[in-house]
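Please read the structure below before turning to the comments.
The values are calculated or read from the model by the stated rules, or taken from the named source; none is laboratory data. Predicted, not measured: the structure shown is a model, and the values here were computed from it. Positions of Cβ are backbone-derived with ideal geometry, glycine not excepted, and every protein chain shown enters the neighbour counts.
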Amino acid sequence: MTRTPLRPLARILQARARGENPDTIERENLRLRHEKMRDKARARAEVRLLILGLAFFSAFTVIGARMGLLASTQPEEPRAAAPGAEILAQRADITDRNGRILATNMLTHALYAHPRDMIDPDRVAQELVKVFPDMDAADLQRRFTDGRRFLWLRRTLSPEQMQAVHDIGDPGLLFGPREMRLYPNGALAAHVLGGASFGNEGVHSAEVIGTAGIEKALDDRLRDPAQAGTPLQLSLDLTVQAALEEVLSAGRTMMSARGAAAVVMDVNTGQIVAMASLPDFDPNDRPNPVLAKDAEPGDSPLFNRAVQGVYELGSTFKIFAAAQAMELGLVNPDTMVDANAPMVWGKHKIKEFQNKNYGPLLSVTDVIAKSSNVGTAHIALMIGGLRQQAFLKSLGFFEATPVELVEARTGRPLLPKKWADIVTITTSYGHGMSASPLHLAAAYATIANGGEKVSPTLLHSENPQPGPRVLSEKVARDSVMMLRRGVTHGTASLADVEGYEVAGKTGTADKPKRTGGYYKDKVINTFASVFPASDPQYVVLVTLDEPVDTTGPEPRRTAGWTSVPVAAEITRRIAPLLNVRPVVEDQAVTAVSAVHN
Amino acid sequence: MRPVIFVLSFIAVMGLGFWAYREHYQTRDALRELTGLQNEIADLREALALQRAEWAYLNRPDRLRELSALNFDRLGLLPLEAAQFGEIATVSSPPPDLPADLGAPGIDNPVSVSGEIAPESEAP
């Protein structure tokens with residue numbers, strides 16, 4: 001392109017001849033040149049914009065297509081890659097405090113069918129029934145031939161069944177990989193673990209979701225891919241749990257109880273070392289029972305009595321009144337209180353067990369040891385309803401337990417609507433308000449550890465945080481000594497396990513009828529204990545539903561004869577397992593005396 | 001001069017091409033081997049998980065309890081009891097293993113020897 005000069009000589013001369021200003025010609029030319037440059041620049045910019053637009057368009061198209069592809073493909077079971085991938089499992093294992101497996105995953109297969117690919121549907125139906133006797137040949141045959149393309153046959157297969165299905169050799173029978181949840185210990189700790197089942201199911205993969213217990217409560221943690229390699233460590237101890245369930249089950253049979261629950265808790269941390277509820281179930285094969293209309297919810301094996309069952313826990317509550325009165329400085333362990341039975345309050349009459357009378361006066365220690373309703377009632381009246389409510393609230397009796405089970409929310413305590421003086425009296429000896437055995441275990445742990453509130457938990461933790469102080473250490477220690485006296489000189493004498501200084505309180509509560517009032521011969525027996533009394537470490541709590549001891553001349557239904565021996569046997573079995581060294585107690589002077597010769 | 005450069009660069013291109021060809025195939029072999037190893041690792045992990053589950057299943061408390069009951073006459077296993085705890089001070093320690101002739105009457109002039117024992121004389 002030839003460049004036109006800005007001041008062409010010919011035109012300049014002409015303009016000069018005409019007397020015009022030649023600078024206008026230069027400016028005109030300059031203008032034209034700039035316009036040309038601008039047009040060129042614009043054209044180039046347009047081309048660039050177009051290329052850039054195309055690049056963006058294709059980039060977004062690729063991303064969009066990739067997203068669409070990912071969204072439309074079938075999910076697959078993850079495969080382990082080499083570098084550091086522990087992720088084979090899509091759900092983390094659950095272990096006890098020592099790392100023994102409570103729940104793990106197992107690779108298995110699901111069986112499905114493509115009936116259109118089947119060569120001989122009749123024969124396949126016949127052969128399948130031979131492998132799975134619960135299938136119906138006629139029904140299978142109908143479903144194979146009604147024109148559908150796809151049907152599920154079995155969610156999980158054992159390797160033997162899979163081989164047998166392989167041997168049928170029909171191309172219409174297909175397998176999809178499945179990861180299933182396995183509880184190798186069977187029914188052990190069934191209520192804690194709960195169970196798991198399949199969520200969304202595809203051919204190549206299926207979600208495993210928790211259906212109850214800790215599997216459901218901590219579902220997000222267990223399914224978190226970042227933590228799939230680290231097992232969830234519970235505070236349970238497998239051996240202690242096994243011993244507890246064995247003894248509790250035997251005790252339930254011996255006392256012909258309708259149900260039973262037991263909790264073993266570390267008093268300093270609130271960690272639950274073992275927890276059982278009977279009847280129980282196998283979480284590998286979680287039942288789906290249909291209850292009769294008049295059945296109690298506790299009759300279902302799925303019902304966790306220790307957490308969901310709220311009961312009037314009876315005289316086990318008396319220690320709270322005594323401890324609070326000591327904390328407030330109203331009494332000390334030797335203060336004599338009025339225990340003259342029966343006590344009349346308004347239209348109510350407070351009586352002792354079997355209409356006894358421990359009065360007229362009884363020391364606070366003996367009120368607990370002898371389990372005097374009237375004595376406790378007088379102590380509670382000294383405290384007053386408001387302060388009593390505040391204290392029970394600080395022990396956690398007014399809300400559901402914070403334990404990591406999905407069922408815990410349903411175990412909300414039943415509280416009286418109005419807290420009249422008679423409620424203050426009845427609550428002091430454990431009637432009128434209901435709480436779960438786990439509430440009671442946590443409250444006893446609070447007393448036993450020197451007065452710091454504990455929150456029950458199922459998770460193992462090395463450095464637990466202490467809770468707020470509820471009682472002074474001295475009061476807590478005195479309370480434990482009172483409980484100890486209840487075992488050495490009181491209602492729980494059968495609980496005295498040699499070497500372990502068991503301290504505890506019995507509770508016998510009449511069972512409330514659903515229609516109102518109480519049953520005459522149906523009771524809930526509870527024994528809450530701590531050991532060893534000189535340095536409490538564990539709470540053992542046993543609750544039996546409708547027990548009866550028939551070894552005597554007449555049936556006995558007090559906790560001292562039913563729950564106490566069961567709890568004693570549990571303590572005897574688990575204390576060595578928990579590595580608690582027996583305490584050498586003061587022994588009576590033996591016949592040998594030192595002689596000089 | 002120029003033809004020499006041409007020839008040299010041609011040879012260089014051929015050499016590099018051959019090198020790239022071999023590298024390519026080695027890489028593919030390595031990748032194939034890696035995939036194989038990864039599959040093997042995955043299979044082993046799977047087997048490991050299964051064996052852990054089986055170990056837990058075979059060691060479940062119910063089964064161990066039954067086995068200890070079945071073999072009671074041979075093993076005599078009973079639950080641990082409080083009475084089985086003891087103080088270390090009450091355990092009588094075994095007498096120390098001393099050579100029989102040490103301290104025996106007659107040796108009243110012990111000799112101290114220093115230096116190396118000849119290795120062949122050390123053989124029993």
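Some points to look at:
- Flag if A:Glu245 is acidic (Asp, Glu), buried (at least 17 other Cβ atoms within 10 Å of the Cβ) and over 19 Å from the mean Cα position of the chain (by Cα): no
- Unique residue being under 30 Å from A:Ala257 (Cα atoms), of a type in the set (Asp, Glu) and modelled with pLDDT under 85 when the list is A:Glu312, A:Glu352: A:Glu352
- Any hit, the stretch A:495-513, residues being away from chain B (no Cβ under 14 Å), among the aromatic types (Phe, Trp, Tyr), touching a helix residue (DSSP H, G or I) at 6+ places or on another chain (Cβ under 9 Å) and crowded, with 20+ Cβ neighbours inside 10 Å: no
- Of the residues making up the stretch A:539-558, those that are among the hydroxyl-bearing types (Ser, Thr, Tyr) and more than 19 Å from A:Leu313 (Cβ to Cβ) are A:Thr550, A:Thr551.
- Looking across the stretch A:176-186, not a single residue is more than 9 Å from every other protein chain (Cβ to nearest Cβ) and out of contact with any strand residue (DSSP E or B) (no Cβ under 7 Å at 6 or more places or on another chain).
- Residues that are part of a helix (DSSP H, G or I), of a type in the set (A, V, I, L, M, F, W, C) and within 12 Å of another protein chain (Cβ to nearest Cβ), drawn from the stretch B:55-87: B:Trp55, B:Ala56, B:Leu58, B:Leu64, B:Ala69, B:Ala82, B:Ala83
- The helices (runs of 4 or more DSSP H) located wholly in the stretch A:364-440 that include 3 or more residues which are closer than 28 Å to A:Arg484 by Cα and in contact with a Gly (Cβ under 7 Å, 6 or more places away or on another chain) occupy A:364-370, A:421-428.
- Comparison of A:Val475, A:Val487, A:Val454 shows that the only residue that is more than 20 Å from A:Ala325 (Cβ to Cβ), out of contact with any Pro (no Cβ under 7 Å at 6 or more places or on another chain) and not in a loop (DSSP other than H, G, I, E, B) is A:Val487.
- Check on A:Val539, away from every other protein chain (no Cβ under 14 Å) and among the hydrophobic types (A, V, I, L, M, F, W, C): yes
- Selection status of A:Ala276, among the aliphatic types (A, V, I, L, M), within 14 Å of chain B (Cβ to nearest Cβ) and more than 30 Å from A:His109 (Cα to Cα): yes
- Restricting the stretch A:16-39 to residues that are of a type in the set (Lys, Arg) and at pLDDT below 95, the residue that is farthest from A:Arg3 (Cα to Cα): A:Arg18
- Applying the criterion of being within 25 Å of the chain's Cα centre (by Cα) and crowded, with 21+ Cβ neighbours inside 10 Å to the residues of the stretch A:455-485, the residue that is farthest from A:Ala217 (Cα to Cα) is A:Pro456.
- Cβ-Cβ under 6 Å pairs, at least 6 apart or on other chains, the stretch A:104-120 side more than 13 Å from A:Ser205 (Cα to Cα), far side assigned to a strand (DSSP E or B) and not aliphatic (A, V, I, L, M): A:Asn105/A:Glu179
- Scan of the stretch A:102-122 for residues that are in a strand (DSSP E or B) and either under 14 Å from A:Phe175 (Cβ atoms) or of a type in the set (D, E, K, R) (or both), ordered by number: A:Leu107, A:Thr108, A:His109, A:Ala110, A:Leu111, A:Tyr112, A:Ala113
- In the stretch A:209-242, of all residues being within 14 Å of chain B (Cβ to nearest Cβ) and either at pLDDT below 90 or in a loop (DSSP other than H, G, I, E, B) (or both), the one that is nearest to B:Leu64 (Cα to Cα) corresponds to A:Asp237.
- Within the stretch A:527-559, the set of residues being over 30 Å from B:Gly86 (Cβ atoms), small (Gly, Ala, Ser) and either surrounded by 24 or more Cβ atoms within 10 Å (Cβ to Cβ) or modelled with pLDDT of 90 or more (or both) comprises A:Ala528, A:Ala559.
- Condition check for A:Ala262: in a strand (DSSP E or B), under 30 Å from A:Gly375 (Cα atoms) and under 18 Å from the mean Cα position of the chain (by Cα): yes
- All of (1) of a type in the set (Val, Ile, Thr); (2) more than 14 Å from every other protein chain (Cβ to nearest Cβ); (3) surrounded by 10 or more Cβ atoms within 10 Å (Cβ to Cβ) hold for B:Thr35 with one exception: (2).
- Just so you know, in the stretch A:304-341 the residues that are without any contact (Cβ under 8 Å) to a residue 40 or more places away in the chain and of a type in the set (A, V, I, L, M, F, W, C) include one that is surrounded by the most Cβ atoms within 10 Å (Cβ to Cβ), and it is A:Ala339.
- Subset of the stretch A:162-210 that is touching a Phe, Trp or Tyr at 6+ places or on another chain (Cβ under 7 Å) and closer than 11 Å to A:Ala110 by Cα - its residue that is surrounded by the most Cβ atoms within 10 Å (Cβ to Cβ): A:Ala206
Quick grid of which residues meet (1) within 13 Å of chain B (Cβ to nearest Cβ); (2) touching a residue at least 24 places away in the same chain (Cβ under 8 Å); (3) at positive phi; (4) in a helix (DSSP H, G or I):
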| residue | (1), (2), (3), (4) |
| --- | --- |
| A:Asn98 | yes, yes, no, no |
| A:Val124 | no, yes, no, yes |
| A:Glu127 | no, yes, no, yes |
| A:Ala138 | no, no, no, yes |
| A:Ala164 | no, yes, no, yes |
| A:Leu174 | no, yes, no, no |
| A:Leu188 | yes, yes, no, no |
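- Unique residue being touching a helix residue (DSSP H, G or I) at 6+ places or on another chain (Cβ under 9 Å) and over 16 Å from A:Ile425 (Cβ atoms) when the list is A:Asp294, A:Asp338, A:Asp282: A:Asp282
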